[in-house]
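Everything below concerns the one structure shown next.
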Amino acid sequence: MTRKAQTIRGRLRALSSRLTPRAIGGAAVVSLAVWTGVHTAAPGGWLDGVNIAEAAVKVVSTLAAFLVALLLCLEIAGEYRRNGWLRAAWMCLAICSAVSLVRNCFDTPLVDLVHPGYWTSQWSSVMREVPAAIALMFLAAGILTMAVAFWRLGLGFALRWYDAAAMGGVFVVLALILVFRNDLSAAHLRDSVPRQAQLFSQVMFAVAAAGSIVLFRIGKQMGGGHLARAMGWIIAHILLRAILVLATAVEAHLHLKSVHIDFVHTFLGIAASWMFALAASSRGQVTHTAVEQAAKWGVTAGSPPVDAIA
């Protein structure tokens, strides 16, 4: 590794050590409080029926959440130099975070300030649905690759009946989304690309959630700890997003529309973004705890790195 690469890695590690679950949880609470305050105050400045200040706070908050997740996933992937499967899994989650960053840059009417007419054009649907499908594909790939990595260890993990019940619940949500898919935003577009991408996203939601349940059980059977907490946050992230999609379709089907519903949707959408960052931070605490223990016991910097599993 070159000196420049070592410097970059050192700075990344120093930054990620400060991104603890408590710090990220605090940032999430602050961002939600600021957005709620701006939403309530409704300052002047509107674009396509959306308050500019409110939309800006939402974009900044979601971008910050996925940027934090990206940094942490890259740091965790770097720990697994001796385990290609786990390295690939966390790289997939890093790519998911990076694609989500790009998607959220275009998932806002603020783009009209630079490119007038974008938000009402078909391009806005393409730039929302296609990156969302790609991000969820890498999320599912990362989860499944991580599950394979633990399966290859041959430690004899077993699923419980309530794990199967939880997976059944996931696929019930998927089935309901498919029932109401004609009420989703991309269903009536002439271009088939966003329609197919939206359908693919729902399938990837279910695959990722089912894989996360398996990893959550593995983490619990290993004594709980950081892996179980990380998978718990990922499950919450996936299911909350899937439920929001289902709720949007049902509301459209029943012709429900109110400012209160919009408030809840946006609030929970921002919260879901921070849940993914919390998942990465929970897993990242493994390394920081190991480093603290090494310092406590006087282990030198030249000692072999700890490639923690969970």
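The values are calculated or read from the model by the stated rules, or taken from the named source; none is laboratory data. Bear in mind the structure is a predicted one, so any value in this text is a computation, not a measurement. Because the Cβ atoms are built from the backbone with ideal geometry, glycine has one as well, and the counts that use them run over all protein chains shown.
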Quiz item: If you check E75, E54, which single one turns out to be more than 30 Å from F263 (Cβ to Cβ), acidic (D, E), touching a helix residue (DSSP H, G or I) at 6+ places or on another chain (Cβ under 6 Å) and crowded, with 20+ Cβ neighbours inside 10 Å?
Solution: E75
Quiz item: Going through the range 240-261 one residue at a time, which ones are more than 11 Å from F180 (Cα to Cα), surrounded by 10 or more Cβ atoms within 10 Å (Cβ to Cβ) and not basic (K, R)?
Solution: L240, A242, I243, L244, L256, I261
Practice problem: For the range 208-248, name all the residues that are within 15 Å of S281 (Cα to Cα) and within 18 Å of the chain's Cα centre (by Cα). | Solution: H226, L227, A228, R229, A230, M231, G232, W233, I234, I235, A236, H237
Quiz item: Among A186, A166, which is over 18 Å from the mean Cα position of the chain (by Cα) and part of a helix (DSSP H, G or I)?
Solution: A166
Quiz item: So is L19 closer than 20 Å to L74 by Cα, modelled with pLDDT of 80 or more and within 25 Å of the chain's Cα centre (by Cα) or not?
Solution: yes
Self-check item: Every residue from the range 104-135 that is of a type outside the set (A, V, I, L, M, F, W, C) and surrounded by 20 or more Cβ atoms within 10 Å (Cβ to Cβ)
Solution: N104, D107, T108, S124, R128, E129, P131
Quiz item: Here are some residues: G142, G117, G78, G37. Which one is among the small types (G, A, S), outside any helix (DSSP H, G or I) and more than 22 Å from L184 (Cβ to Cβ)?
Solution: G117
Self-check item: Tabulated pairs, the range 128-141, first within 10 Å of C96 (Cα to Cα), second β-branched (V, I, T) and outside any helix (DSSP H, G or I), C-beta under 8 angstrom, 6+ apart or interchain
Solution: none
Quiz prompt | the range 177-194, residues that are of a type outside the set (A, V, I, L, M, F, W, C) and free of Cβ contacts under 8 Å to residues at least 12 places away in the same chain | solution = N182, H188, S192
